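> Pasting in a structure now, in structure tokens, and then I'll have a few things to ask.
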Amino acid sequence: MSNAPVTTTDLGAALPLLARGKVRDLYTVSESSLLFVATDRISAYDVIMGNGIPDKGKLLTKLSQFWFNLLDADVKNHLIAPKAGEPDSKLFELLPTAVQEYRSQIEGRSILVKKFKLVPLEVIVRGYITGSAWSEYKKSGTVHGIKVAEGLQESQEFETPLYTPSTKAEQGEHDENIHPDQAVAILGGDKDLAARIEELAIRLYTKARDYARTKGIIIADTKFEFGLTEDGELVLVDEVLTPDSSRFWNAATYKIGQGQDSYDKQFLRNWLTSTGVKGKDGVSMPEDIVKQTRAKYIEAYEAITGEKW
């Protein structure tokens, strides 16, 4: 196993903590920029585990940098530094010198980003029917209230990718799957913005899906988050196309009509369910679940980027 997991960060007086998410600690750098630190925390069923996955935050950070770079021609993003291929020293050049004292906590797992007004939606694109979409479809023949083709099997690819937004819940609350018409209402009735979000999200998903296929990975679905510039341009923010925000499947073992092995938290979810602690607070993972989960994150990273971890 690697070095001990970093499950929380504390930058003292160097930078003020703005918020802690399920995985990321956010610090205010200036009026226009933030420091995103991806810890090794892991959550499942909306509960954060008591222990972490070594290197998980670094893997998520490097993977997001890779995708920001790949999608750069298609959409502006919030990344200032370090960009894909840049050394971490680039980041520390742009942070207050007092942060150097805490370098061991944040090196390799942090990005400096521009602040933008956030679009108040989880922008989900589904290429394959699985998860909550499959559960809904079996009951009503719909996905997020959208009528889709009859006779679909579990894990089957949709004829065209489906835009299926959800609400952005506060930490500890559940996101709610909604119809695209409800997304328009959340956006204040701005149909033009809703249409631009849908078009861009599907375009980004399609490009990433097609790329991943060449690496033996199926991206079944993914969640994007967007910000807005002052003149209304959409900007890709947060993490992008990681195992935490997407379902990655192994194309070599993909089989329609059943659930698939995922490059994500599946070992953890299965263990939580089988041991009866699903959804309970204060649960710590056994070492074998930690190792298996870490190996899946590494496998996904190496397959997609072509780089050894």
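> Counting just the Cα atoms, what span does the chain cover along each of its three principal axes? Round to the nearest Å and put the largest first.
60, 50, 37
> How large is the convex hull of the Cα atoms of region 117-253 per residue, expressed in Å³ as a whole number?
Here the figure is 119 Å³ per residue.
> For region 117-253, what is the charge dipole size about the Cα centre, in debye to the nearest 20, if Lys and Arg each add +1 at the Cβ and Asp and Glu each add -1 at the Cβ?
It comes to approximately 540 debye.
> Can you compute the label reach from ILE256? Point 7 Å from Cα along the Cβ direction, backbone N cut-off under 11 Å, restricted to region 122-152.
Correct set: 152.
> Express the carbon and sulfur contribution to the solvent-accessible surface of the chain as a percent, rounded to the nearest whole number, probe 1.4 angstrom.
48
> Past the 13 angstrom mark, what percentage of all C-alpha to C-alpha distances in region 200-263 do you count?
On the way: 1322 of 2016 pairs.
Pairs farther apart than 13 Å: 66 percent.
> If you roll a 1.4 Å probe over the heavy atoms of the protein chains, what accessible area per residue do you get for the chain, in Å²?
On a per-residue basis, the chain sits at 45 Å².
> Which ³J(HN,Hα) values in Hz, rounded to whole numbers, follow from the phi angles of region 5-12 under the Karplus curve 6.51 cos²θ - 1.76 cosθ + 1.60, where θ = phi - 60° and Gly and Pro get x?
x, 9, 9, 8, 10, 8, 9, x
> Show me, bin by bin at 10 Å from 0, the whole-percent P(r) of region 145-189 based on Cα pairs.
Final binned percentages: 22, 41, 29, 8.
> Let me ask something additional. State log₁₀ I(q)/I(0) for region 231-273 at q = 0.14, 0.15, 0.16, 0.22 Å⁻¹ as given by the Debye formula over alpha-carbon point scatterers of equal weight, solvent excluded.
-0.49, -0.54, -0.58, -0.83
> Per residue of region 80-89, what does 6.51 cos²θ - 1.76 cosθ + 1.60 with θ = phi - 60° give for ³J(HN,Hα)? Whole Hz please, x for Gly and Pro, Karplus curve as stated.
Calculated HN-Hα couplings, in order: 9, 5, x, 7, 3, x, 7, x, 5, 4 Hz.
> Here is a further query. Name the lysines eligible as straight-distance cross-link partners of LYS115: C-alpha to C-alpha under 28 Å, and not fewer than 8 places from it in the same chain.
Cα-Cα hits under 28 Å: LYS22, LYS56, LYS58, LYS62, LYS76, LYS83, LYS90, LYS168, LYS191, LYS207, LYS223.
> Could you work out the equivalent-ellipsoid semi-axes for region 1-127, taking the square root of 5 times each eigenvalue of the Cα gyration tensor, largest first, in whole Å? Walk me through the numbers before you get to the answer.
Details: eigenvalues 89, 80, 48 Å².
Square roots of five times the eigenvalues give 21, 20, 16 Å.
> Hey, another quick one. Once ligands and nucleic acids are excluded and a 1.4 Å probe is used, how much of LYS62 is accessible, expressed in Å² to the nearest 10?
Solvent-accessible area, nearest 10 Å²: 60 Å².
> For region 191-309, I need the span (max minus min coordinate) of the C-alpha atoms along each principal axis, in Å, sorted largest to smallest.
Principal-axis extents of region 191-309 (Cα, largest first): 50, 36, 33 Å.
The values are calculated or read from the model by the stated rules, or taken from the named source; none is laboratory data. Not measured: the values here are computed from a predicted model. We place every Cβ from the backbone using ideal geometry, glycine too, and count neighbours over all the protein chains shown. Quick note on the areas: whole protein, heavy atoms, side chains included, nothing else; ligands and nucleic acids left out. Shrake-Rupley method; radii C 1.70, N 1.55, O 1.52, S 1.80 Å.
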